[in-house]
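Please read the structure below before turning to the comments.
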Amino acid sequence: MPERTDNKLGLTIWGMPLVIWRAKRPWLALAVVCGIASFLTNFAIIGTFHRPALGAKALFIAGFLIGIIGSMLAKRRVGRRIREDGYQVCPCGYSLKGLSQTGNCPECGREFDLEVLPVLWHRWLD
C-alpha cells in the first residue's frame, strides 16, 4: 500500500495529489503488468527463435506503452477539470468553488485556503 504523506497540498500518495493518483492508477497498473510480462517473455526467447513469444512480447510492450500514455492523458484530463474550476479543488477531487475563503472540505474534512490552492496546483500541474 502506498504511503500517504501530508504536505501543503494535503492528501497525497507519493507526493501526487489523491485525485490525480486515482485517475492514473489503472493506467499505471496496466503499464507495470505489461512491463513485467514483457520482461518475462525474454526467457521464452533466449536461445531460440520462437514466434509466439515474440508476438506476446510485442503485445506486452504495446500494453506498456498504452498504460504510460493513458496515465499521461488521465493527468491532463484531471488538470483540465482543475483549471476549469479555477484551481479551487481539494486534493481529494472535490470542487471548492463557491465556498468561503478558508474552511474544511465537505468531502474529506481537510482544511483549505482558496488563496494557497492555486499556487500549489500550478506547481504540480505546470
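The values are calculated or read from the model by the stated rules, or taken from the named source; none is laboratory data. Here the structure is a predicted model, which is why all the values come from computation and not from measurement. All Cβ positions, even for glycine, are placed from backbone atoms using ideal geometry, and neighbour counts span all protein chains on display.
Of note, GLY35 does not satisfy the criterion of being buried (at least 18 other Cβ atoms within 10 Å of the Cβ) and at pLDDT 75 or above.
Which numbered condition trips up ALA74, out of (1) under 19 Å from ALA31 (Cα atoms); (2) surrounded by fewer than 18 Cβ atoms within 10 Å (Cβ to Cβ)? Single failed check for ALA74: (2). Scanning the range 89-110 for residues that are within 15 Å of LEU18 (Cα to Cα) and either without any contact (Cβ under 8 Å) to a residue 60 or more places away in the chain or in contact with a Gly (Cβ under 9 Å, 6 or more places away or on another chain) (or both) turns up CYS90, PRO91, CYS92, TYR94, SER95, CYS105, GLU107, CYS108, GLY109, ARG110.
Residues in the range 85-126 that are assigned to a strand (DSSP E or B) and of a type in the set (A, V, I, L, M, F, W, C): 2 in all.
Condition first: buried (at least 16 other Cβ atoms within 10 Å of the Cβ) and farther than 22 Å from ALA23 by Cα. Now tell me which residues in the range 113-126 satisfy that. LEU114 - this is the single residue of the range 113-126 that is buried (at least 16 other Cβ atoms within 10 Å of the Cβ) and farther than 22 Å from ALA23 by Cα. Just checking, which of ASP113, ASP85 is more than 24 Å from TRP27 (Cβ to Cβ) and either modelled with pLDDT of 90 or more or of a type outside the set (S, T, N, Q) (or both)? The unique qualifying residue is ASP113.
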